[in-house]
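The structure under discussion appears below in the form of structure tokens.
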Amino acid sequence: MKTKFLNFLLIITSLSGYLEWSGNSHIFLFKAEADIFSKLFTDPVSLLHPFIILPLAGQILLLITLFQKRPDKTLTCISIAVLGLLLGFMFVIGLIKLNFKIIVSTIPFLTIAVLSVLDIKKTKINERPD
């Protein structure tokens, strides 16, 4: 149950990322994803970018784990890795640009990701036969 809850939190916190670029351009990841889904049927070729496909795949994998009786730890780790690419990159950009909004928007995901990895490691140790 704890793993499913952490996976759910990973999905929610991955949507809270905030992007800001040149001038007054800014968007939250949940809004960007809504735009991606609207373009999926009108211009699917424009969505062929690793920073679009990988995080979306990570969220889909996490969603799959929510419906499993025992969430697959491998799927969870892969999801954290591909989502972590985007949100980790955003965090570093926030640090480089000293953009407080970007930094604060990525910290929840990074925190839950660390907690999830620690939980996975703990459950693997407890499941190991002696």
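Couplings 3J(HN,Hα) of the range 117-123, computed from phi: 5, 5, 5, 5, 4, 5, 6 Hz, in residue order, whole Hz [Karplus 6.51 cos²θ - 1.76 cosθ + 1.60, θ = phi - 60°; x for Gly and Pro].
So what are the chain's ellipsoid semi-axes, whole angstrom, largest first, if each one is the square root of 5 times an eigenvalue of the alpha-carbon gyration tensor?
28, 19, 11
Only alpha carbons enter this Debye calculation for the range 17-86, each as an equal point scatterer, and the log10 of I(q)/I(0) it gives at q = 0.14, 0.25 Å⁻¹ is -0.52, -1.14. Cα centroid separation, the range 8-51 to the range 100-129: 23 Å.
When the P(r) is computed for the range 1-56, the part past 14 Å accounts for 65% of the Cα-Cα pairs. Close lysine pairs were tallied over the range 1-124: pairs 8 or more places apart or on different chains with Cα atoms under 29 Å apart number 24. With a cut-off of 13 Å on the backbone N, the residues of the range 18-60 near the modelled label site 7 Å out from Asn99 along Cα-Cβ are 18-29. Entry note, the chain: the mean residue ellipticity at 222 nm calculated from DSSP H runs of n ≥ 4, each adding -39500 (n - 2.57), is -25500 deg cm²/dmol after division by the residues and rounding to the nearest 500.
Bear in mind that the values in this text are calculations on the coordinates, not laboratory data. Keep in mind that what you see is a predicted model, and the values were worked out from it rather than measured. Cβ: placed from backbone, ideal geometry, glycine included. Neighbour counts: every protein chain shown.
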